[in-house]
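What follows is a single structure, written as structure tokens, with notes after it.
The values are calculated or read from the model by the stated rules, or taken from the named source; none is laboratory data. Just so we're clear, the structure is a prediction, and the values are computed from it rather than from any experiment. Using ideal geometry, Cβ is built from the backbone for each residue, glycine included, and neighbour counts are taken over all protein chains shown.
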Amino acid sequence: MDQSLRDAAQEGSIDALHSLVRGDPYTLDTIDKIPFVETPLHIAASAGHTQFAMEIVRLKPSLAWKLNQDSFSPMHLALQNNQTHVVCWLLDADKDLVRVQGKEGATPLHHVAQTGNLYLLGEFQKVLRWLLNARVDTNATNLAGFTALDILEGQTQIDNNEIRIC
């Protein structure tokens with residue numbers, strides 16, 4: 001990825017993003033063609049630049065599904081960096097993102113169940129109800145053979161500091 005695009009994502013500069021797209025309208029298409037790549041959406045999601053992330057998804061929705069070289073999607077990275085607002089917005093943009101399998105088959109749902117974030121568990125549960133109507137396999141497991149429910153049931157303590165509100 002071009003350094004100026006990387007800088008725009010790190011700063012969350014939508015104006016810089018559009019300036020780059022004006023200069024090369026294929027900028028995001030070029031990135032999208034690479035199978036495993038860090039995209040500007042990965043960077044923005046990690047840093048919590050919600051508005052920039054929203055703009056990227058509007059311009060190139062497929063980037064929300066893209067895995068980086070470590071096999072993490074933008075939603076995985078937002079979760080790992082406690083960027084709850086980005087996670088919530090990505091959920092609103094595409095409910096199916098909760099089932100993107102990343103490293104070792106772990107989905108964002110697995111991550112939320114494992115960390116015990118009650119707020120996001122509630123949000124993901126709403127999404128699961130919607131997904132059940134779309135015939136999603138709720139028995140999907142990660143490489144360790146655990147479903148998100150298995151992970152959740154294994155929680156013995158939940159830290160109330162993990163609850164976040166969008």
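A quick yes/no check of all residues on (1) more than 26 Å from L128 (Cβ to Cβ); (2) in contact with a strand residue (DSSP E or B) (Cβ under 6 Å, 6 or more places away or on another chain):
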| site | (1), (2) |
| --- | --- |
| L20 | yes, no |
| I31 | yes, no |
| P40 | yes, no |
| M54 | no, no |
| S62 | no, no |
| L67 | no, yes |
| L77 | no, no |
| N81 | no, no |
| V98 | no, no |
- Collect the residues in region 58-86 that are under 25 Å from D24 (Cβ atoms) and not in a helix (DSSP H, G or I), keeping them in residue-number order. K60, K66, L67, N68, Q69, S73
- Task: Taking the options V86, V98, name whichever one is modelled with pLDDT under 95, crowded, with 22+ Cβ neighbours inside 10 Å and of a type outside the set (S, T, Y).
- Result: V98
- Query: Any chance region 56-69 includes a residue that's in contact with a His (Cβ under 8 Å, 6 or more places away or on another chain) and either among the β-branched types (V, I, T) or closer than 18 Å to L90 by Cβ (or both)?
  - Reply: yes
- Item | Filter result (part of a loop (DSSP other than H, G, I, E, B) and small (G, A, S)) within region 87-124 | G102, A106, G116
- Task: Could you tell me which numbered condition I34 fails, if it satisfies all but one of (1) within 22 Å of R99 (Cα to Cα); (2) of a type outside the set (K, R); (3) in a helix (DSSP H, G or I)?
- Result: (3)
- Has region 42-57 got any residue that is assigned to a helix (DSSP H, G or I), touching a residue at least 40 places away in the same chain (Cβ under 8 Å) and within 30 Å of T147 (Cα to Cα)? yes
